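*Asks:* This structure is in structure tokens; I'll ask about it shortly.
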Amino acid sequence: MSEIITSTNTAPGAAGLPERARLSFDLDVDIAVVGAGLAGLTVALEAARLGASVAVLEGRHVGWNASGHQLGTVMPGYGLPIGELIARIGFEDTRELWALSREGAEYVRAMASESSMAAIALGEGALEVSNVQAGDQLISRLQTLGEDFETEVEGWQVERVRAELKTDRYFHGVYYPKAFQVDGRKYVHGLAALARRAGARIFEDTPVVSIDPSGIRKRIVTPSARLRAAHIVLAGNIHLGAPLRRLSETLLPVWRYAAVTAPLGERLAEAITFQGSVTDSDGIDHFRIVDGDRLMWASPETTWAARPQRFAPAIARRIRTIFPRLGRVEIAEVFGGATGETVHGMPQIGQLRKGLWVASGFGRQGLNTSAMAGQLIARSILWGDERWRLFSPFELVWAGGTTGRVAGYAVSKWERGSSAAAGTLARYRERARARERIREARLAEANRQAGTRPPQRRPPPGRPRPPRPQPPQAEPDQGEGG
Ligand SMILES: Cc1cc2nc3c(=O)[nH]c(=O)nc-3n(C[C@H](O)[C@H](O)[C@H](O)COP(=O)(O)OP(=O)(O)OC[C@H]3O[C@@H](n4cnc5c(N)ncnc54)[C@H](O)[C@@H]3O)c2cc1C
């Protein structure tokens, strides 16, 4: 497994975290789960609650990767836009998948509200803002979500968006009043606590080095013990490695970095009044206010593991670019984690062969989707619920090895570059329209005072038309790693 460094203190005993237990004796269980991230822990919790004996094997510690280093925004949906889902699998199956994604979000709310996680304050609402003028698309999206997919949404006009977010970068918005936020780090440790309480055993510092999935009792080898199980759930995300390398190679690893600023005081309230999560329609920025006057902001990405601290200046610059009135911001903490992106954009949920399951590829939207995966898999194993088959059209596709990763990153950089260009152009058009409106108002006023009709807008014959103004050059991408 490759190393990821964060500035988070996850040492055993820190902030009330339990001492880590390593698997040092052979064990026989109903279900063995590889990986103690959101996905693995949800499977473990659900299966233990349904009466199975469960062991979770974690190579590092609970929430070591993305699950312990995320922004905590919980929304319905998937990485793949709804329109593309409909095009791919049809309207009815998309409706079912969407309903499952909503259930996943509600599951997170329910778990976060259980008494052991009572310390988690749930924030409300999420706003997806458009980087370009996209009023028509917005209306059709609102209709699809609200009428066909029974999801509570509001369309926000540009003025409303800009009243809450004081920047000319954003245009329309889709507001999800039922979306919410959790403290991501507390949530993953809360899940582990609930799973333990339900009877699941979690072994940390216990990497799975090989798996033999043949036979009714499947075998797992760790450095100091062996384990046998009727079912194995692979929830190792991109770090699964040797036990099933071909599965790891179906994921494109993308490291995403985030920061929390130092307290910004009054100037934050002057720039941002919206208290929920904000994401932009191109998936570049994702932020929200935490602790009253700090910003938590995720933006840069790489396809290799880097020290998150390296991205502090880039994130500070990005915040200032979007909200110039904030001025210079100081970064107090930086963190990051690797997400596993699939080629088709949908998570990998299902049975690979009898008794061998996968719950992976949750990308950037892992809270609701991993919760859904955990429930689906546990219920299929223990109750025969077959709804995971809705994910069958999204087969395991090789992500292209090292070359594919580099190519994937190049494509993502290019997409971000063209989004930035489209955003610049949209803002330019808007400024041009505003100038034109002012000019026309002045002209009308001058005509009113002079009692004349508006002059012909065409230039007089023989006089050349003034050249059309050219849009400015697209702004460069935001520094290192995107
Ligand atoms: C900066 C950032 C912000 C994000 N914000 C949000 C957000 O606001 N909302 C949202 O929904 N999603 C968000 N995400 C995405 C979300 O965090 C992920 O989709 C989710 O955490 C993936 O969970 P997982 O359990 O699949 O993987 P992981 O968290 O990677 O967990 C897998 C675990 O398996 C272990 N493992 C792997 N291989 C082995 C092995 N061989 N043996 C033993 N153990 C092994 C690893 O050590 C790891 O702990 C964010 C991600 C990042 C990086």
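*Asks:* How compact and how long is the stretch 94-185, expressed as Rg and Dmax of its alpha-carbon atoms in Å?
*Replies:* 15.3, 45
*Asks:* Then there's this: Ranked highest first by the average count of other Cβ atoms within 10 Å around their residues, in what order do 373-380, 175-182 fall?
*Replies:* 373-380, 175-182
*Asks:* Turning to a different aspect of this structure: Send over the per residue convex hull volume for the stretch 219-272, Cα only, as a whole number of Å³. Don't jump to the answer; show the numbers that get you there.
*Replies:* Values: hull volume 10.0 nm³, N = 54.
Spelled out: Cα convex hull of the stretch 219-272, divided by residues, is 186 Å³.
*Asks:* Cα gyration tensor of the stretch 345-397, axes a ≥ b ≥ c as square roots of the eigenvalues: rounded (a/c below 1.5), prolate (a/b > b/c) or oblate?
*Replies:* Note, shape of the stretch 345-397 comes out oblate.
*Asks:* Here is a further query. Projected area of the stretch 19-177, taken from the Cα convex hull and averaged over every viewing direction, in nm²?
*Replies:* For the Cα atoms of the stretch 19-177, the hull's average projected area reads 12.9 nm².
*Asks:* What whole-number value in cubic angstrom gives the convex hull volume per residue for the C-alpha atoms of the stretch 74-134?
*Replies:* Residue-normalised Cα hull volume stands at 101 Å³.
*Asks:* Are there trypsin sites (Lys or Arg not before Pro) in the stretch 39-89 that DSSP puts in a loop and that have at most 16 other Cβ atoms within 10 Å, and which ones?
*Replies:* none
*Asks:* Another question, if that's okay. What is the diffusion coefficient of the stretch 172-311 in µm²/s, taking the Kirkwood radius over Cα pairs and the Stokes-Einstein relation at 4 °C with a viscosity of 1.567 mPa s?
*Replies:* Roughly 68 µm²/s, to the nearest whole number.
No value in this document is a laboratory result; all are computed from the given coordinates. All figures in this text were calculated on a predicted structure; none of them were measured in a lab. So basically every Cβ, Gly included, is an ideal-geometry build from the backbone, and we count neighbours across all protein chains shown.
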